[in-house]
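Taken together, the values in this text are just the output of simple stated rules run on the coordinates, not laboratory data. The structure presented is a predicted model; accordingly, all values stated were derived computationally and were not measured. Every residue, glycine among them, receives a Cβ derived from its backbone with ideal geometry; neighbour counts consider all protein chains shown.
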Amino acid sequence: MTVPRVHTARAFTAVAVIVAAAGALLVYGGQIDTGLYYDDYHFLRPVHELELRRVWFGSWDPTGIESPFFRPITAWLFALRFWAFGLNTLALHAVSIAGHVLCAACVGWLLRREGAPTGVSLMGAWLYAVHPLFPYAQVSWLTNQMHLAESLVVILALLTWQSVRDRPARWSVALLPLAVTAFLIKEDAVMLLPILLALTMQRGWLVDSTQWKRVVMMLPVVTLALATLIGFRHQRLGQLGGYGVPGLEQAQAQFWKGLDAALLLWPTRTPWQAVAGLIAISALAVALARGNWKGNKVVALIWCAAIVILSTRLPALFLGIAYPLIAWQGIAGGVVIAATLTGAGVAATRQLHQPVLIMMTGLVITLGFNLPFALVSKREQYHLVALGAVLLLAGSVDALRTAAGRVSRYVLPVAVLASLPLALLARTQAAAFQPCAPGVLSTDGEASGWWALPGEIRAWLPQKKQRCEAGLSPSSIAELPVVSWGLYDEERGADGEPYRWTSDRVVLLLRPDARSVAFAFRSPDASRSAPVRIRVRGGSRTAELTLDSIDWQYMTVRLSGGALTTLRSAHRVDVSITPWFVPAVRDPRNADLRRLGVHFRMVEN
Amino acid sequence: MSRRPVYLLPAALIAAAALYFASGRGDEALVADLIAQFDDAKKQPDTAFERADVTVDGVTKRSIVARGPTRLTTHVTVPKHAVFRTSLTLDPGVWNEPGDGVLFFVGVSDGRSFQTRASVTLDAFGRPADRHWRDISVNLEEFAGLTISIVLNTRAGAAENATAQNDVAVWGAPMIVAR
């Protein structure tokens with residue numbers, strides 16, 4: 001099969017999106033709405049305008065739950081997504097998958113503009129869509145939408161670099177805003193400019209020696225930009241932030257761990273799983289390819305049976321180990337090792353210029369973005385390392401296709417088939433984020449202790465666990481009748497009536513089928529001379545109430561649907577109270593620094 | 001595209017940065033004088049503090065003197081462009097008395113999390129260079145609009161086996177100003 005050259009940009013984009021969407025469907029189909037996981041519970045909340053300003057001067061997480069990092073754009077993106085989607089996890093996950101498909105299509109474009117044939121470029125888009133490092137790193141975990149945003153900006157920067165690299169050097173200035181944006185999303189993008197410099201050097205070496213002049217011009221700019229970015233972050237955080245600097249030995253181990261994860265799809269439970277997978281696949285391929293097909297059918301069947309047997313725990317028991325010798329991870333690792341080694345070998349021995357260029361680009365990106373992971377090794381952060389690994393694999397496919405001669409038309413279909421274990425492994429990784437997956441349930445317990453979590457979600461988490469343990473599917477968080485932020489714990493007044501203190505702002509998400517909601521407000525300090533004003537915005541309507549006595553007053557808000565209600569799958573009601581007060585300001589010996597508004601009760605929903 | 005717009009971009013960025021930093025300089029307004037708020041502050045232990053005028057290098061500052069390991073907590077509502085400023089020293093009366101110094105650290109709590117924003121160890125007995133005022137400032141821009149606790153802490157010196165012998169710490173003219 002040969003893939004015809006797609007001539008127009010629009011047609012290529014359309015095909016790349018379709019290919020990437022097919023890959024995403026294979027991996028995430030039927031398991032899109034995986035709900036929330038771990039940090040999602042406190043990042044999905046309304047963000048006060050003070051916090052939106054604050055994240056430009058300190059940690060990205062004003063709740064204090066996360067380690068201090070300077071990621072202001074991420075904080076703004078999180079605020080924007082909550083405003084748009086609320087707790088509608090299905091829509092939020094759909095955004096992740098759409099973003100991943102977009103990234104994958106852009107990778108196709110990246111390869112095409114690097115001179116790869118159409119089929120190889122589309123293969124790159126496919127490999128990106130099904131690569132098993134992405135479910136954890138940027139698709140299935142909503143907090144890692146920051147990685148998705150970072151990937152988009154980095155790929156856009158690479159595309160921009162392709163556009164400006166043969167223009168006068170001053171055009172390279174266009175890369176600076178993208179590098180700054182990526183850095184303000186997440187700090188590992190600090191490697192973007194050095195990587196672009198390294199790619200320019202590589203181009204000077206392999207393609208166009210006049211590029212060295214550009215390298216000389218870029219070097220001081222990149223150095224200055226890096227020093228400025230790191231210095232700015234240090235000034236804003238008052239420290240470098242992060243998890244600290246490990247010892248040399250640990251840093252070295254962590255660096256290799258990142259490379260293993262991206263290039264070899266290790267760690268498997270044991271490296272032998274990948275080796276066993278590699279041996280199994282190569283043996284099967286040899287059996288199928290050599291001699292007459294009739295005789296080798298039997299050999300192929302025997303090998304298939306051997307793979308099935310080795311992937312059960314039975315042989316492992318004889319060997320005294322607790323895991324199968326061949327797992328999806330092992331098979332996928334075997335595929336990746338085989339493809340990379342064969343592709344690199346063929347490209348080197350036959351001096352295939354184009355595939356070598358693509359493979360080296362992939363290697364530079366992998367090594368460059370893996371460098372910060374010498375400081376901390378986290379598998380969920382390998383999205384940019386995986387981008388390099390995908391380019392390396394695409395280069396290998398290009399090398400094999402070029403070298404295959406008469407049978408080159410079989411290379412792409414075989415490559416797609418060979419990539420299926422990667423897709424299946426990715427599907428397994430995505431399934432680990434299902435609401436009842438053991439890892440999700442275990443972190444749910446931790447999340448329920450966070451102060452930033454609304455009481456309604458805190459009460460829902462144990463019910464979710466109970467249903468999971470009973471083998472039932474849990475209700476979605478979006479189905480909760482009401483979820484509120486800015487309300488403190490319930491108290492009882494002298495009259496025995498329950499109420500909750502509000503903060504200066506309250507945000508409520510109510511089920512979309514609610515038609516109206518009624519609230520009761522009371523201020524123990526309100527009087528005619530010192531009234532308290534309450535503003536309630538629900539749907540497109542705004543209502544106001546003035547408290548000028550200490551009595552309860554009531555307000556009913558009619559709720560009407562709209563585009564945002566559909567996106568959020570909920571009505572959002574915003575309540576603001578003026579004036580509010582801080583107990584510690586009224587009484588300096590009181591340690592309570594919270595903003596308090598009025599007493600609040602929901603009367604009817 | 002002509003050359004000019006491309007060159008203008010970095011120039012505009014540098015100009016914007018210069019304007020930003022320049023706008024942060026200028027007259028300062030007093031937001032909170034921690035000496036004036038001393039009576040309302042939470043003192044731990046209550047008897048370890050006193051207000052006094054302390055003179056070092058001929059400069060006299062209205063100060064809070066803290067003996068031994070202490071914590072002094074004051075609430076402040078922070079405006080934009082606010083900075084906490086103080087000058088640190090040890091009481092000149094103990095400079096020649098044996099001791100291993102005092103660890104000063106300034107913390108900020110927004111009611112949710114506590115951050116140590118500055119820390120200094122002074123050892124006037126062991127290091128004569130510490131027999132001066134040491135000015136420190138803590139940028140509070142991050143907390144603009146919020147009510148926070150400024151926590152002034154003293155501990156026995158940074159060493160593991162440090163003692164509080166002759167630890168008489170001085171917080172000179174602690175205040176919050178806004179630019």
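Table for the structure above
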item	result
Segment A:429-516, dipole about Cα centre (Lys/Arg Cβ +1, Asp/Glu Cβ -1), debye to the nearest 20	280
Whichever lysines have a C-alpha closer than 17 Å to that of residue A:186, once near sequence neighbours (fewer than 8 apart) are set aside	A:378
FRET efficiency, 1/(1 + (r/R0)^6) with R0 45 Å, evaluated for residue A:602 and residue B:30 via beta carbons	0.55
Hits among aspartates and glutamates - C-alpha to C-alpha of residue A:257 under 20 Å, sequence gap 8 or more where chains match	A:187, A:188, A:249, A:380
Shape category assigned to segment A:122-244 from the gyration tensor of Cα positions, a/c cut at 1.5	oblate
Net +/- balance of residues flanking residue A:158 in space, Cβ distance below 14 Å, scoring K and R +1, D and E -1	+2
Cα-projected label distance for residue B:135 with residue B:85, points at 7 Å along beta-carbon direction, nm	0.7
Zone residues, segment A:375-400, relative to residue A:442, backbone N less than 19 Å from point 7 Å out along Cα-to-Cβ	A:377-381
Inter-site label distance for residue A:406 and residue A:581 at 7 Å from Cα along Cβ, in nm	9.3
Global form of the protein assembly as shown, assessed from the alpha-carbon gyration tensor, a/c cut-off 1.5	prolate
Cβ-defined net charge surrounding residue A:42, 13 Å radius [Lys, Arg +1; Asp, Glu -1]	-4
Dipole axis of the protein assembly as shown (+1 Lys, Arg; -1 Asp, Glu on Cβ), positive-most option in A:360, B:109, A:120	A:120
Computed over segment A:334-431: relative contact order in percent, which uses C-alpha pairs under 8 Å that are six or more apart	34
Chain A, relative contact order [Cα under 8 Å, separation at least 6], %	16
Relative contact order of segment A:451-605, defined on C-alpha pairs under 8 angstrom at six or more residues apart (%)	26
Separation of alpha-carbon centers, segment A:367-412 and segment A:450-494, rounded to whole Å	43
Cα-based helix-to-principal-axis angle, B:3-23 vs chain B, degrees rounded to 10	30
Residue A:173-residue A:556 pseudo-label distance in nm [points 7 Å out on the Cα-to-Cβ vector]	6.2
Selected from A:104, B:88, A:416, residue furthest toward positive end of dipole (the protein assembly as shown; charges at beta carbon)	A:416
Shape category assigned to segment A:177-260 from the gyration tensor of Cα positions, a/c cut at 1.5	oblate
Mean-position separation - Cα centroids, segment A:147-205 and segment A:50-75, in angstrom	25
For residue B:161, net neighbour charge (Lys/Arg +1, Asp/Glu -1) across residues whose Cβ lies under 15 Å away	-3
Nearest 10 degrees, 0 to 90: helix A:72-85 Cα axis against chain A principal axis	70
Contour excess over end-to-end distance, with Cα ends at residue A:497 and residue A:511 and 0.36 nm allotted per residue	2.5 nm
